Each structure stands twice: as structure tokens, then as C-alpha cells.
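Notes to accompany the following structure.
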Amino acid sequence: MEHKNLIATIYLKDGEAVKSREDFTIVGDWKALAKFYNESGVDKLYIFDLSQNDKEHDIHLEIIKHLSRIIEIPVYGGGNITKMEDIKKILYAGCKGAILDGSRHDIIQMAQEAAPRFGKEKLLISMETVDLMFKHKKEAEEYVHKLVVLNENIVEALANIADMPFSVIVPGYSKKLWLDILKRDCVTGIGGDYVSNPDTDIVALKKDLDAEGIQTRKFVSAIPWSEFKLNADGLIPVIVQEYQTCEVLMLAYMNEEAYKMTLALGKMTYYSRSRKELWIKGETSGHYQYVKSLTIDCDKDTILANVSQVGAACHTGNPTCFFQELVKKQYISRNPLEIFEDMYDSVIERKEHPREGSYTNYLFDKGLDKILQNIGEEATEIVIAAKNTEPEEITYEICDFIHDLIIMMVETGITWEDVVEELNQRLF
């Protein structure tokens, strides 16, 4: 049986997250909501743009772009898609797919044009009636990957008509209705205001659905606890690092119960040797550690946890527990991202604290046009060096280019995080 997805929804109106397509009551900060969904166990996020004009539409596209960069769960965008350019903008904003409005008279034509350009797998169609499938079943199945049902009353009819997978967005929560929907092979997921409510315990909901025979996405250990090699106290040490930077945050211990709770909650749970009890990291401080991956070493006696750390890992308020330096030898870093970040920080420091005769300050003083001119000149130098096929010269010119590029980034407010997130979007 396929895993079923739990889908959260965000409706955007006038730059705010609102309750639904009909109710424009503000329900909270869209950034905070998206981050919560990202960490709570929600599998996908559908964002619907309810804009009425181009200005509002552009604001919502920027919001979608921002959210796609700060969360890891797949984001799908819909609403106010009226032409091919809108599909392109939604996908370029970082969405995994564009949800087209099935009620539009030109929807099949739009899908037919978009499928060869962007790929069928990027196109979904939302539906409140089955009319489209009666009239254009063959075309929909040829050009669209999936359907999004916005009216639970058509689920049975659609299941009998269409040979396509679909997800269902429903109001509220009725266990009987949810089970009836999710047990259908054609249904890939379910969502709506219940999943989107921050008060809903997604982990508990998945556990309840699993008990009813509905397989949901959750952590399952590839190796049983019985194969772990424990210390004399029956515990296994856990090295914890931040999944994006790989910075080591802390060392803690787990017993079997803590390990199983970590898998069930998706939050790092440990065993306190001093208090002789379990503790969920962040339960009192709010500084939770959300599991990204757990890996065991070759001897099966140590676990490496990659986590998304909220706030500080250390009780002292430091980002990591390892902040007290004992000895240090000067060395050259070979980590590209670390070097780029150090260069970026140096440029910021130079901008905030100018030095006489500094080339960096000279460019800042001259302004963006001069900075861009230099970038163009350095790019040309790279081309010339490459034509001469001299590796040392090419390397030298690339470094000059990167330095001026970083100055431009600082001047325009672009960070390496922005660049890396955009590159990540292009890997898939």
C-alpha cells in the first residue's frame, strides 16, 4: 500500500494567511505556519493565491518563493493561474507543481501547452465537480499528473471515472470520512483546515491512521534496537549536529524508550542519566530538535543525528554545547561554503568599518554601478583566461570575480543562504 500524505493548506489574501477561499479571517503569520508544518510531520503544503490584481499576485509570489526556500516539505502553488507565464512563475518560485483551476474553460489547452515545456509531473488540476473528467478525461490523463479534489462529495464518482491519482482537501475532521477516502487506492493524501491547525498533533494523527491500516509517512528504524551495542548502563550515545551546517551541537544518550519516542515524535528524545528519566529536547525551552536523519556507526554503538535545531542547543544559550576552546592550531579551511561565508563576513565587516585604501571600500563608495561594471570586467577576464587554457590564470580570475560578486551580494542584501536555497530548488 502506498504511503498517504497529510497536506496542510495556506490561503493568501492581501499578503496574509487567511482561513479559506471564502473566509478572509487572518489565521496567523504565514512564515510561522509554514515552519510549523515543516517540522510537525506534515508531508506537503498547498498554497492558494487568492489575489485580485497583479500587485497582490506579485506579493503572493514573493511569499511563495520565500516559503519554498525556508522549508523542506514539497510546496505546490495554485490560484490565479491564468496563463503559461503564471505556471512558470509558480515553478520558478520553488513549487514542485502548479495547481491549475479545473473550472476554467481553457484549462486543458493550458495543460496541453505546459506539459511539454515544464513536464506533466509538474501539473495538477483542482476540481469541485466531475465535469472536466466527463468532457476531457483523455486529455487530462495525458497532460496532467494528478488531481486535487476540493469537494469531498465527488470523491466516489471521481474514483469511478478517472484513472488518475488525486488528493482531497476537506473541511474539519471526521474519522469515518477520512478513512473512507484514504482507503481508496487512487487517493494519495488528504488535508484541509484540520491538518493546517497548529493545535493538531500530526504525529498522533498519523499513529491513529496507522492503527486503522492507513500507512502514513513516518520514521521506521532500518536496524532493530536489539542489534545496537549499548554501554554498561544500557544506553547508546548520540552525537547531534545541525543538518544544514553539520555543526556539532551536543552529545546525549538514549535508552530504547527514548529511541522509540524519537521515531514516533520526530523530535529528539533522550534519557537523562542524572534524573533517570526521559526528556524531549526543547520541551521546556521550546528549542526542539526535529529529526532529519539518524545514522549508526560501523560498530553500532554510537548514533549520529542530523537535526533541525530551533533556537540554541546549549542550556547556556550558546548555539552549540561545544564553545569552550581548549587548544587550536592555525589551519587552512578546505570547506568551500565556510570559505565563502568567511569572505562574506569580511566584506560586511569592511563595509561597516571602512579602512583607508581598501579596494572593497572603494567599490562601496562608488556604488552599485561601479560594482557591476567590475563584475562584468572580471567575467570577461575569466573568458580570456579560459581561452588561453592557463589553469593558474583562470583560477586567479575566478577568485577576483567571486570577490566582486560577494561585494555585490552584500550591497544588494543577497546571502549565500539565498543562493544555496535557489540551487537546491534546481537539483530536483
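The values are calculated or read from the model by the stated rules, or taken from the named source; none is laboratory data. Source: prediction; values computed, not measured. Positions of Cβ are backbone-derived with ideal geometry, glycine not excepted, and every protein chain shown enters the neighbour counts. Only protein heavy atoms, including side chains, enter the accessible area calculation; ligands, DNA and RNA are left aside. Shrake-Rupley method; radii C 1.70, N 1.55, O 1.52, S 1.80 Å.
Quick look at the numbers
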{"quantity": "Scope region 327-352; condition open to solvent by 90 Å² or more (accessible area, probe 1.4 Å) and either assigned to a loop (DSSP other than H, G, I, E, B) or of a type in the set (V, I, T) (or both); matching residues", "calculated": "V327, K328, K329, Q330, Y331, I332, R334"}
{"quantity": "Which numbered condition C246 misses (of (1) in a loop (DSSP other than H, G, I, E, B); (2) over 21 Å from V42 (Cβ atoms); (3) more than 21 Å from the chain's Cα centre (by Cα))", "calculated": "(3)"}
{"quantity": "Single residue of region 143-172 satisfying the filter (touching a helix residue (DSSP H, G or I) at 6+ places or on another chain (Cβ under 8 Å) and over 24 Å from Y194 (Cβ atoms)) that is surrounded by the most Cβ atoms within 10 Å (Cβ to Cβ)", "calculated": "V144"}
{"quantity": "In region 100-123, residue most open to solvent (accessible area, probe 1.4 Å) [restricted to those that are among the polar types (S, T, N, Q) and closer than 12 Å to M84 by Cβ]", "calculated": "Q109"}
{"quantity": "Qualifying positions in region 156-186 - β-branched (V, I, T) and either at pLDDT 95 or above or in a loop (DSSP other than H, G, I, E, B) (or both)", "calculated": "V168, I169, V170, I181"}
{"quantity": "Sole exception among (1) touching a residue at least 24 places away in the same chain (Cβ under 8 Å); (2) farther than 30 Å from P336 by Cβ; (3) more than 26 Å from the chain's Cα centre (by Cα) for L251, by number", "calculated": "(2)"}
{"quantity": "Residue in region 100-122 that is modelled with pLDDT of 90 or more and closer than 30 Å to D208 by Cα present", "calculated": "no"}
{"quantity": "Condition check for Y76: within 30 Å of E212 (Cα to Cα) and in contact with a Cys (Cβ under 8 Å, 6 or more places away or on another chain)", "calculated": "yes"}
{"quantity": "Test: K65 is over 20 Å from N5 (Cβ atoms), within 14 Å of the chain's Cα centre (by Cα) and crowded, with 20+ Cβ neighbours inside 10 Å", "calculated": "yes"}
{"quantity": "Whichever residue in region 74-99 is of a type outside the set (G, A, S) and assigned to a strand (DSSP E or B) and, among such residues, is surrounded by the fewest Cβ atoms within 10 Å (Cβ to Cβ)", "calculated": "Y76"}
{"quantity": "Only one of A232, A312 that is under 24 Å from the mean Cα position of the chain (by Cα) and part of a loop (DSSP other than H, G, I, E, B)", "calculated": "A312"}
{"quantity": "Residue match in region 124-138 (condition: surrounded by 23 or more Cβ atoms within 10 Å (Cβ to Cβ), within 22 Å of the chain's Cα centre (by Cα), in contact (Cβ under 8 Å) with a residue 24 or more places away in the chain and not in a helix (DSSP H, G or I))", "calculated": "yes"}
{"quantity": "Identity of the residue in region 139-180, more than 28 Å from the chain's Cα centre (by Cα) and among the β-branched types (V, I, T), that ends up nearest to G119 (Cα to Cα)", "calculated": "I161"}
{"quantity": "Selection status of R355, open to solvent by 50 Å² or more (accessible area, probe 1.4 Å) and in a loop (DSSP other than H, G, I, E, B)", "calculated": "yes"}
{"quantity": "Residue that is nearest to I202 (Cα to Cα) [pool: residues in region 253-282 that are in contact with a helix residue (DSSP H, G or I) (Cβ under 9 Å, 6 or more places away or on another chain) and in a strand (DSSP E or B)]", "calculated": "K267"}
{"quantity": "Close pairs (6 angstrom Cβ cut-off, 6 or more residues apart or separate chains): farther than 22 Å from L33 by Cα in region 198-214, open to solvent by less than 40 Å² (accessible area, probe 1.4 Å) and aliphatic (A, V, I, L, M) anywhere", "calculated": "E212/L179; I214/L182"}
{"quantity": "Hey, H287 farther than 19 Å from E257 by Cβ and touching a Gly at 6+ places or on another chain (Cβ under 7 Å) or not", "calculated": "yes"}
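Quick grid of which residues meet (1) open to solvent by 70 Å² or more (accessible area, probe 1.4 Å); (2) hydrophobic (A, V, I, L, M, F, W, C); (3) in contact with a Cys (Cβ under 7 Å, 6 or more places away or on another chain); (4) not in a loop (DSSP other than H, G, I, E, B):
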{"site": "E378", "(1), (2), (3), (4)": "no, no, no, yes"}
{"site": "E381", "(1), (2), (3), (4)": "yes, no, no, yes"}
{"site": "A386", "(1), (2), (3), (4)": "no, yes, no, yes"}
{"site": "T389", "(1), (2), (3), (4)": "yes, no, no, no"}
{"site": "E392", "(1), (2), (3), (4)": "yes, no, no, yes"}
{"site": "T395", "(1), (2), (3), (4)": "yes, no, no, yes"}
{"site": "C399", "(1), (2), (3), (4)": "yes, yes, no, yes"}
{"site": "H403", "(1), (2), (3), (4)": "no, no, no, yes"}
{"site": "M408", "(1), (2), (3), (4)": "no, yes, no, yes"}
